[in-house]
1. Roughly how big is region 334-428's charge dipole about its Cα centre, with Cβ charges of +1 (Lys, Arg) and -1 (Asp, Glu), in debye to the nearest 20?
2. Report relative contact order for region 2-338 in percent, whole number only (criteria: Cα-Cα under 8 Å, sequence separation at least 6).
3. Of Pro348, Val389, Thr164, whose Cα points farthest to the positive end of the dipole of the chain (charges on the beta-carbon: +1 Lys, Arg; -1 Asp, Glu; origin at the Cα centre)?
4. Hey, can you rank 564-573, 267-276 by average C-beta count inside 10 Å, highest first?
5. Tell me which label goes with the value of semi-axes √(5λ) of the Cα gyration tensor in Å computed from the coordinates here: (i) 52, 29, 26; (ii) 52, 26, 21; (iii) 73, 25, 22.
6. Kindly write out, for region 548-555 in residue order, the coupling ³J(HN,Hα) from the Karplus curve 6.51 cos²θ - 1.76 cosθ + 1.60 (θ = phi - 60°), rounded to whole Hz, with x marking Gly and Pro.
7. Which whole-Hz couplings ³J(HN,Hα) result when phi for each residue of region 210-216 is put into the Karplus expression 6.51 cos²θ - 1.76 cosθ + 1.60, θ = phi - 60°, listed in order with x for Gly and Pro?
8. Given Thr137, Leu112, Ser75, which one lies farthest toward the positive end of the charge dipole of region 2-338, if we put +1 on the Cβ of every Lys and Arg and -1 on the Cβ of every Asp and Glu?
Amino acid sequence: MEARKHREWGLYMRLARLAKPHRAKITVFVLLSLLATPIALLAPLPLEIVADSVIGSLPLPRFLRVVLPGTAHLSHGAALFIAVSLLLSVALLTQLQAMAVLFLGSSIGETLLLELRGEVFRHIQRLSLRFHDTTGTAQSLYRLQYDTMSVQSIVIDNLVPFFTSACTVLGMLYVTLRIAWPLALVAVLVCPVIFVAGRRYRKGMRESSREARAYENSALAVVQEVLQALRIVKAFVKEEAEQERFIRRSTEGMRARIRLAFMQGQYGVIIGLTSALGTAAVLTIGVRQVEAGVLTFGTLLLLMGYLTQLYEPLKTMGKKSATWQTSMAGVERVFALLDEDREVPEKPNARPLVRAKGAFEFRGASFAYAPDREVLHNVSLSIAPGSRVGIAGQTGAGKTTLISLLLRFYDPTEGTILLDGVDLREYRLGDLRNQFAFVPQEPILFSTSIAENISYARPEAGHEEIVAAAKAAHAHEFVSRLPQGYDTLVGERGMCLSGGERQRISLARAFLKNAPILILDEPTSAVDVGTEGFILEAMKRLMMGRTSFLISHRLSIFNQCDQVLQLANGRLIALDDPESQLARLGDSPGGDAVFSWSKASG
């Protein structure tokens, strides 16, 4: 229990820190919201005036006689005019106050939401690939897009209305105590019931909300998977199966939301019935007091009006308490994501790195995704600056993991990797990664123009530099033939271009970056022979003067390399010059042989 309370208090403190930069606006927002209390106190007065001073013959209430001197004895018409004027004035003030609260609340809420989403998005990008591989991108997307809205809901739609409702309750209670304290005491007897009901339902609503959000996240994951693999889904005619999977998970979410709605409905019924019992009790006693001459009929109407104003905020507080639990479940998920540690942290006083020479040394480097899943084991080797290194091995041998360690997507679980004699972990992370130009196996393009994709690493590059990089990558020819040239939009993930065209755009990006270290991961795996020739020629020029790592299954590509590393089951089993490697593995005359060996081949 104590741990739960401590965790809850911690969430509130983090919300307060999040809202602190906007405390001036929030203060104005609260004050504007509090204006609802005095306006609400004026709302029942016209009824009392009509009952006692228009229909009856009593003077105006003392409050109005102070505000409007000389109105102690008015005609019925004048009293009616004052009652109607007061009614219209209160209505106008109510609408103006509501408009101001709505505008300022929206401004604060949207600003908070934007800032939190920015912080979450920044943190998501900095989390390790292992985290995203394990949890999936759909969960991060759901927390970024939907769970973050819970903060806006709590601060603007729950916290401030809850506070202003509490102030309204206190104000109404004070006024009713001044008018008829026995009836006021009867009215507040229902408050403990509402409090106990709130404590009973609060935990259940929070749990139900967590469950509903988890199911919604699961359904979103299905949509994301299907859209990313739509060609596979269509090719295997699995549309109906995926539809059923989506409906199944969505149905679970629907049932969780229905359970939550039923629980909220039960809570609302308890609050409504309890308030009705309090109203009935006050009305019964009040009628008896009017018949006994203790109260006037107008005072009873005023009291009943205030009683309504007393119970409505109590109902509001009850409803906000219910939605509060739903929002707090979302806030927990957002802060849990923000609490995820980066697996490749940067040291506080990390070393800057302007331009590396490109000398690498592996000293017993090992890596495991889990204790029972070692991917690299005790890799030791040295690579001279400017060397062109081929990396060979069957699928799962650890080639991509080796490259990921160079880029510090992960850190070695054992051993060290040095760049220019310094442990990679000593460098500033951004400076380190700026030393690399990376061309992945599947070219990654963004849904912008060709020019923007080429200049992704150097947004400040001019058009002439972009064109020069495209020419170096043999991309200028096909780009020039497009109707909009370099302004052509490539579509989502570059799917408006062919595989070879995407690969050449990716190479042009590497040319433009002009980094001292180059990584080429299977650059010709998905292109035809004609396109491969262009890419190989561009690769040869791109690798000149750079420390280059080339992953491939095609032996002929390694003719451009100074040495070839062969990996098997996470171990370095051979380190040869290209001629020895090709002779040992047996390259085909056509140069298109593909590595294929057993565990003992090394």
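Each reported figure results from applying straightforward, stated rules to the coordinates on display, with no laboratory input. Worth saying up front: this structure is predicted, and the values here are computed from it rather than measured. Here the Cβ positions follow ideal geometry from the backbone for every residue, glycine too, while neighbour counts run over all protein chains shown.
1. Values: 12 positive and 13 negative charges, 116 e Å.
Rounded to the nearest 20 debye, it is 560 debye.
2. Details: 308 pairs, mean separation 95.7, N = 337.
Reported relative contact order: 28 percent.
3. Looking along the dipole axis, the top candidate is Thr164.
4. Working: 564-573: 21.0, 267-276: 17.0.
Ranked by mean Cβ neighbours within 10 Å, highest first: 564-573, 267-276.
5. Recomputing semi-axes √(5λ) of the Cα gyration tensor in Å here gives the entry labelled (iii).
6. So the Karplus estimates, Gly and Pro as x, are 10, 10, 10, 9, 6, 9, 8, 5 Hz.
7. After applying 6.51 cos²θ - 1.76 cosθ + 1.60, I find 4, 4, 4, 5, 5, 5, 4 Hz.
8. Of the listed residues, the answer is Thr137.
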